[in-house]
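Worksheet: the structure to be examined is printed underneath.
The values are calculated or read from the model by the stated rules, or taken from the named source; none is laboratory data. Only a predicted model underlies this, so the values are computations on that prediction, with no experimental measurement involved. So basically every Cβ, Gly included, is an ideal-geometry build from the backbone, and we count neighbours across all protein chains shown.
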């Protein structure tokens, strides 16, 4: 009876599909084709249902993205304020990817460059012709360096190799280290000499194979540098064309006329900067990324350009006027040669303005300590007279300059009195960066200045003070700091007097510590002290000085009581940082430096 009965498995339980949000909201989707004309008026529209349930179920109607607020919904005024905290590169990227940003957010062009080259001048004229950007420019940077003429390829080659000497030495040390390590196991390394590894600064195939054995950042950087580096011959051909264009622009005074146009065409310019760091050596990152620098091909090799590079005869004439042996130069001395034009061009352009509105005058030349500088502290210097007129006509709040003495002795009363007569004219100054260029004399570290050239009336206004190579006695420094109640930051760069057997820096800061502990209603400045370690590096202490001045009395004094030898620094060798003079962010703890040097000495002895 049940012969055909089969036991079948129970059907699988199907997973029930979760109803959509629109169904749960009570919205029934219907096809338009199935709705008759009679009942079409009874079907609620999507806009009607979105008005009822859109706030609770935005995903059902696709209105979430439409209702979401973004930065583009801000008013133009607020959007501009927000973009002030965004980098210039990010603003460029936003303008490229968003039409709204491209139409409502402007580039942040607050600085322009004037120099005798087409790239910078074309960029300047484009900004002047724009309806909005001229009002945004706050600073004009004048490139104070001119290209040097190289009449032969060999002279150009020698300059390139000299500039790349430090980089080449670092590569040579790495290659020598590799040959020492692998020379015993690999006989191919034994006959190699350095001439087989480097040719005109470029790596040979053998050198590339050696560096590929290393998996470190230095080797990768060297290989990448070698891959992008132009040959010296190609670089020389391009350099000659750049030099020819520059000479034409200088002879026609095109750059000087462009400076006049910039000062009169940018109504909100407040800062004038003279610099030589727009054209460094090819393998050094420039301080300013100018249009000129960006227009150069990748890997273009050029010698470092220093200011005021002239012919030998012109240099001798300038040096003779800068370095007269008599204590008082003759009154009928000729002014500086007309070719020494850059500083005079800038100051004359400022004086030609109907109402000079420059508030900051910056001369960035502290890294060229052996060059002829702009303002000579003698009345026979034309630049000195122009500088005094500029100080009288402008309301400068910030000044950074390096002055040159009128003769072999910087501490002569004539030079200090001339400097003081200049500073007296600055009735509104709040930020002073003062430096002396006396490196040619060879006597810069022997004597204190006869008196402090900073006027007493100026000290009460100063907020920031930087002294470079200004050798004042401890008493003069104490009197200046205690009579400057508004000081916030003080930087002393190479201000040590190095011949006396004792050192009055511990005494000075002990006096300041007692003074600041006893005074309440005055500003307590932050101190930074630097002392040179070598031609490119210095020792820096800042937190250590502030801890000693304003701490609980347990902090160690960073200054030695007696230098170990004449000419030694007055900073304790284990305190602070070792910093690169061109960029103080490149630093290393002095304690780590001392430890590494001790280990190297032990390795050398072994």
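Structure above, values below:
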| read-out | value |
| --- | --- |
| Criterion violated by residue 445 - all others in (1) at pLDDT below 95; (2) touching a helix residue (DSSP H, G or I) at 6+ places or on another chain (Cβ under 8 Å); (3) under 22 Å from residue 572 (Cα atoms) satisfied | (2) |
| Among residues of region 260-297, those that are part of a loop (DSSP other than H, G, I, E, B) and modelled with pLDDT under 85, counted | 14 |
| Cβ pairs under 8 Å, 6+ apart, first in region 203-225 and free of Cβ contacts under 8 Å to residues at least 12 places away in the same chain, second surrounded by fewer than 15 Cβ atoms within 10 Å (Cβ to Cβ) | 204/196 |
| Residue within region 101-123 that is part of a helix (DSSP H, G or I), free of Cβ contacts under 8 Å to residues at least 40 places away in the same chain and under 25 Å from the mean Cα position of the chain (by Cα) present | no |
| Positions within region 555-573 being out of contact with any strand residue (DSSP E or B) (no Cβ under 9 Å at 6 or more places or on another chain) and at pLDDT 90 or above, in sequence order | 555, 556, 557 |
